[in-house]
Amino acid sequence: MENSSPLTPLAVALGERAYFIHIGPAQSAAAVDAAASLLNGKRAAFIVTSPVLAAAHPALFSAFRAAGATVHTTSVDGEHAKRIGELERLWEALAAARMDRHGVVFAVGGGVIGDLAGFAAASYLRGVDFIQVPTTLLAMVDSAVGGKTGINLSAGKNLAGAFYQPRAVYADTALLATLPPREFAAGMAEVIKYGLLGDRALFDQLALAGRLSWDHPALPDIIRRCCASKAAIVSEDERETAPEGGRALLNLGHTFAHAIENVAGYGEYLHGEAVSVGLILATRLSAALGLLDASALPAVEHLLGKNNLPVALRKPLPVDALMDAMRRDKKVRQGALRFVLLRALGESITQFVDDDALVRRLWLEAGAGN
Ligand code: NAD
Ligand code: GLY
């Protein structure tokens, strides 16, 4: 890990599509400045946000408007905004604002706004520039970086979208002051994921620290470490095509998590909460397969629990439905499911596992029912 201040912009090395991630407690002002300088250069700036964000941070949107930007608010908040009707509304608003190819879309919100506005930017006029201003911890460490954009279809999540990298990311940790604690905790599951999958020093730092909050002095550096891990992975395997490892490693715990979200019904668990249970299960599976020393398990459980995250299912979910959901979600080769597994805390691999009985047992131990 390079030794630099959290305030030093972090580069995502993607050739001509390279960009910087700016992290710290004043970065939304830097995003407003970026919009103002675009407008001074006669380029339109179009801000996309949600009703909750607009109400929580009125001064930020007043500043964007004062600079001359157009502010567009989605009609609903949360996952339901990631749908075709809302995308159409956004395309029409871009056209009504007479955005031309030189205009820039700013996504100011969590992963939902980033995914929706990013896809609108990827498709409007066959692609206009966009800038991410993530406002949840999850978006700062994960969804705002790496260029996955898209919407949900009734057949499933993220089924229509594009790989489309932002031109810059401005992650302002001060905006997290208004984030509900449950959403902050959900973001911590992704932070802990980065420690487990490839950054042992981060895992140890989190284990030693007390529970983090939006104003913890170490938070900008921790976000930066996560972004550095994601940037390194994405610059090697941008479109997740590596046969082994690569971008798929970012899905540690997610094969289990997607099954929980699917079977429990979307909204029952926040994504990060399902990931937390998934991280426990991926760790236990790694130990059961003899890849990971079982003595590592309590540290993982303790760290997730300390961050107010679930380490088992809250209510029993049927194990057959969970197994079916996993088979639908992930690549299966000759009946074997593909998992991200741990060889050590901070070292992960992708591997096919054909022992359904073992996976079933682990589900039952984590609170699933027959
Ligand atoms: P979200 O965008 O729905 O935000 C969670 C809630 O917090 C919302 O109600 C939102 O209005 C509110 N909120 C956001 N910022 C706030 C703030 N500063 N103060 C007060 N309230 C605030 O959820 P999320 O967890 O950020 O993102 C989840 C989405 O991200 C999912 O749709 C998921 O598919 C997507 N995702 C995408 C990627 C990717 O690589 N593109 C990666 C992970 C997740
Ligand atoms: N969140 C997983 C990815 O960006 O690939």
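Of all the numbered requirements in (1) over 14 Å from the mean Cα position of the chain (by Cα); (2) within 13 Å of ligand 1 (Cβ to nearest atom); (3) among the polar types (S, T, N, Q), Asn251 misses one, and that requirement is (1). Only one of the listed residues (Ser123, Ser154) is polar (S, T, N, Q) and without any contact (Cβ under 8 Å) to a residue 24 or more places away in the chain. That residue is Ser154.
State all residues of segment 144-178 that are hydroxyl-bearing (Ser, Thr, Tyr), at pLDDT 95 or above and either crowded, with 24+ Cβ neighbours inside 10 Å or away from ligand 2 (no atom under 16 Å from the Cβ) (or both); if no residue qualifies, say none. I'd like the intermediate steps shown before the answer.
The first filter runs over segment 144-178 and keeps only residues hydroxyl-bearing (Ser, Thr, Tyr), leaving 149, 154, 164, 170, 173, 178.
Checking the rest, the ones that are also at pLDDT 95 or above come to 149, 164, 170, 173, 178.
Answer for segment 144-178, where residues must be hydroxyl-bearing (Ser, Thr, Tyr), at pLDDT 95 or above and either crowded, with 24+ Cβ neighbours inside 10 Å or away from ligand 2 (no atom under 16 Å from the Cβ) (or both): Thr149, Tyr170, Thr173, Thr178.
Output the number of residues of segment 162-205 satisfying the condition of being of a type in the set (S, T, N, Q) and either in contact with a Cys (Cβ under 7 Å, 6 or more places away or on another chain) or farther than 26 Å from Ala121 by Cβ (or both). Counting residues in segment 162-205 that are of a type in the set (S, T, N, Q) and either in contact with a Cys (Cβ under 7 Å, 6 or more places away or on another chain) or farther than 26 Å from Ala121 by Cβ (or both) gives 1.
Does Ile113 qualify as being touching a Phe, Trp or Tyr at 6+ places or on another chain (Cβ under 6 Å) and either surrounded by 24 or more Cβ atoms within 10 Å (Cβ to Cβ) or on the phi > 0 side of the Ramachandran plot (or both)?
Working: touching a Phe, Trp or Tyr at 6+ places or on another chain (Cβ under 6 Å): no; either surrounded by 24 or more Cβ atoms within 10 Å (Cβ to Cβ) or on the phi > 0 side of the Ramachandran plot (or both): yes.
No, not satisfied.
Exactly one residue among Ala54, Ala95 is more than 13 Å from ligand 1 (Cβ to nearest atom) and more than 16 Å from Asp115 (Cα to Cα), and that residue is Ala95. Flag: Val169 matches the condition of being within 30 Å of Asp221 (Cα to Cα), out of contact with any Gly (no Cβ under 6 Å at 6 or more places or on another chain), assigned to a strand (DSSP E or B) and in contact (Cβ under 8 Å) with a residue 40 or more places away in the chain.
Being over 12 Å from Leu303 (Cβ atoms) and more than 16 Å from ligand 2 (Cβ to nearest atom) is the filter here; which residues of segment 211-224 pass it? Working first, answer last.
As a first pass, look at segment 211-224 and keep what is over 12 Å from Leu303 (Cβ atoms): 213-224.
Result: Ser213, Trp214, Asp215, His216, Pro217, Ala218, Leu219, Pro220, Asp221, Ile222, Arg224.
Which count do you get for residues in segment 19-37 that are in a helix (DSSP H, G or I) and closer than 17 Å to Ala231 by Cβ?
From segment 19-37, those in a helix (DSSP H, G or I) are 27-37; that's our starting set.
Checking the rest, the ones that are also closer than 17 Å to Ala231 by Cβ come to 27.
Looking only at that region, the number is 1.
Checked against the criteria, Glu240 does not count as away from ligand 1 (no atom under 15 Å from the Cβ), among the acidic types (Asp, Glu) and either modelled with pLDDT of 95 or more or in a loop (DSSP other than H, G, I, E, B) (or both). Quick one: is Ala287 closer than 25 Å to Leu212 by Cα and free of Cβ contacts under 8 Å to residues at least 60 places away in the same chain? Here the answer is no, as Ala287 does not meet what is asked.
The values are calculated or read from the model by the stated rules, or taken from the named source; none is laboratory data. A quick note: this is a predicted structure, and the numbers were derived from the prediction, not measured. Positions of Cβ are backbone-derived with ideal geometry, glycine not excepted, and every protein chain shown enters the neighbour counts.
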